[in-house]
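Asker: The following block contains the structure, expressed as structure tokens.
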Amino acid sequence: MRLAEQTKIVHVLEAEDHAAGVDGDSVSLENYSHVTFIFSLGSLTGDAILKIQSGATAGTKTTEETFNYRFSTAALKAATGDLLVAEETSAALTITGTVYDDFLLVVEMDADEFTDGQQWITPSISSAASAMFASCVAILSKPRYGQNVPPTAIA
């Protein structure tokens, strides 16, 4: 089976300057057991705060959840840009311009880590950076009911 048949791939955040702060598209874990958010960070000036929030409906941000994350050991397209540092946790990750500029950030969580009854997950980035080019794709995995065309996970 191909990756797109085993998982649900959702475009969460379009590639553009999000210095004014942005909420990514909410995804539902109703039919999935795991979510991986893959952020591609381009030019970054200043710092921004990343939060993963859960709620009972799409776009509702009721609870700030603690998440696991890793980032690349070098800038994208560098010799070790495909390696990731050891996993850490955060509920409000400071995306520092001097550290994350042109890096990959991977955020992962299991559905059972979210607050009960809050299966909608929304990544939010604060407006603290003066320039922040970023995009994000979510990969929802471990479907509860496997099928060749996974059901939608957005509203």
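Asker: Would you pick out the residues in region 79-92 that are of a type in the set (Asp, Glu) and surrounded by 11 or more Cβ atoms within 10 Å (Cβ to Cβ)?
Answerer: Filtering region 79-92 for residues of a type in the set (Asp, Glu) gives 82, 87-88.
Answer for region 79-92, where residues must be of a type in the set (Asp, Glu) and surrounded by 11 or more Cβ atoms within 10 Å (Cβ to Cβ): ASP82, GLU88.
Asker: Here is a follow-up. Out of region 13-59, which residues are in contact with a Cys (Cβ under 8 Å, 6 or more places away or on another chain) and buried (at least 21 other Cβ atoms within 10 Å of the Cβ)?
Answerer: Selection gives GLY24, PHE37, PHE39.
Asker: Could you list all residues from region 50-76 that are under 18 Å from VAL137 (Cα atoms) and assigned to a strand (DSSP E or B)?
Answerer: LEU50, LYS51, ILE52, GLN53, SER54, PHE67, ASN68, TYR69, ARG70, PHE71, SER72, listed by residue number.
Asker: Anything in region 64-78 that is exposed (fewer than 15 other Cβ atoms within 10 Å of the Cβ) and hydroxyl-bearing (Ser, Thr, Tyr)? List them, or say none.
Answerer: THR66 - this is the single residue of region 64-78 that is exposed (fewer than 15 other Cβ atoms within 10 Å of the Cβ) and hydroxyl-bearing (Ser, Thr, Tyr).
Asker: Is at least one residue of region 93-108 among the aromatic types (Phe, Trp, Tyr), buried (at least 17 other Cβ atoms within 10 Å of the Cβ) and in a loop (DSSP other than H, G, I, E, B)?
Answerer: yes
Asker: I need the full set of residues from region 61-89 which are modelled with pLDDT of 95 or more and of a type in the set (Ser, Thr, Tyr), in order please.
Answerer: THR62, THR63, THR66, TYR69, THR89, listed by residue number.
Asker: Out of the residues in region 109-127 meeting the condition of being among the hydroxyl-bearing types (Ser, Thr, Tyr) and under 13 Å from the mean Cα position of the chain (by Cα), tell me which one is surrounded by the fewest Cβ atoms within 10 Å (Cβ to Cβ).
Answerer: Here the answer is SER124.
Asker: Can you pull out every residue in region 91-108 that is under 26 Å from SER54 (Cα atoms), out of contact with any Ser or Thr (no Cβ under 7 Å at 6 or more places or on another chain) and not aliphatic (A, V, I, L, M)?
Answerer: If the condition is that a residue be under 26 Å from SER54 (Cα atoms), out of contact with any Ser or Thr (no Cβ under 7 Å at 6 or more places or on another chain) and not aliphatic (A, V, I, L, M), then THR94, THR96, TYR100 are the ones that fit.
Asker: So which residues in region 56-114 are within 22 Å of SER33 (Cα to Cα) and among the hydroxyl-bearing types (Ser, Thr, Tyr)?
Answerer: Passing the criteria: THR57, THR60, THR62, THR63, THR66, TYR69, THR89, SER90.
Asker: Among the numbered criteria (1) more than 15 Å from the chain's Cα centre (by Cα); (2) in contact (Cβ under 8 Å) with a residue 12 or more places away in the chain, which one does ILE38 miss?
Answerer: Going through the list (1) more than 15 Å from the chain's Cα centre (by Cα); (2) in contact (Cβ under 8 Å) with a residue 12 or more places away in the chain, ILE38 breaks only (1).
The values are calculated or read from the model by the stated rules, or taken from the named source; none is laboratory data. For clarity, every value in this text was computed on a predicted model and none was experimentally measured. Neighbour counts are summed over all protein chains in view; Cβ atoms, including those assigned to glycine, are modelled from backbone coordinates with ideal geometry.
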